[in-house]
1. What nm distance separates the two modelled labels at Lys54 and Met79, each placed 7 Å from Cα along Cα→Cβ?
2. May I ask you to list the lysines whose Cα is less than 26 Å away from that of Lys32, ignoring any residue fewer than eight positions away on the same chain?
3. For the chain, with a Gaussian network of springs between Cα atoms less than 10 Å apart, report the residue from Asn47, Asn27, Asn61 with the top mean-square fluctuation.
4. Please give every one of the aspartates and glutamates within straight-line cross-link reach of Lys88, meaning a C-alpha to C-alpha distance under 16 Å, and leave out same-chain neighbours fewer than 8 residues apart.
5. Tell me, what % of the accessible area of region 42-85 is carbon and sulfur with a 1.4 angstrom probe?
6. With springs only between Cα atoms under 10 Å, which of Arg14, Arg98, Arg69 fluctuates most in a Gaussian network model of the chain?
7. Just to be sure I understand: with springs between alpha-carbon atoms less than 10 Å apart, which residue in Phe59, Phe75, Phe16 has the highest mean-square fluctuation in the Gaussian network model of the chain?
8. log10 I(q)/I(0), Debye, Cα-only the chain, no solvent, q = 0.10 Å⁻¹?
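The values are calculated or read from the model by the stated rules, or taken from the named source; none is laboratory data. In this text the structure is predicted, and so the values were computed from the model without any measurement. Cβ placement follows ideal geometry from the backbone for every residue including glycine, while neighbour counts extend to all protein chains displayed. Areas reflect the complete protein model, heavy atoms only, side chains present, ligands, DNA and RNA absent. Shrake-Rupley method; radii C 1.70, N 1.55, O 1.52, S 1.80 Å.
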Amino acid sequence: MSEYARRLAFLSTRIFGEVMKGTTYRNEKIVKQMAAKPLHQDNFVVNYYPPYMKLDLTFKNLRQHGLFRDEHQDFIDEMNRQRTLRGKIKPKKGEGKRALKRKAAGAA
């Protein structure tokens, strides 16, 4: 290969983004990475996990309409209902012992 042909091949590879002959493995690896599709545009990577947040919201809405039965949430609701019946829940702000004392002292 003549000097002219070699220089022309070098320029064409630089212009058209081809890898020159005689490059190392690392350089080829970098070129492949740069030529690959970005991960945020790869549909497989973006949709790898199912949309759990949307599914949870959907099941909550279905439960409110009575179309889905979530036994764990039913159990939690029943425990909270029983705690309120026994008087074990925290009072709302302004309805505690100290607030009742102030109201009683202010009224007397």
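1. Taking the simple label geometry, Lys54 and Met79 are separated by 3.2 nm.
2. Reachable lysines: Lys21.
3. Maximum fluctuation in the GNM of the chain, among the listed residues, is at Asn27.
4. Asp77, Glu78
5. On the way: 2490 of 4310 Å².
C and S fraction of accessible area: 58 percent.
6. Most flexible of the set in this elastic network: Arg98.
7. Of the options given, Phe16 has the highest mean-square fluctuation.
8. -0.68
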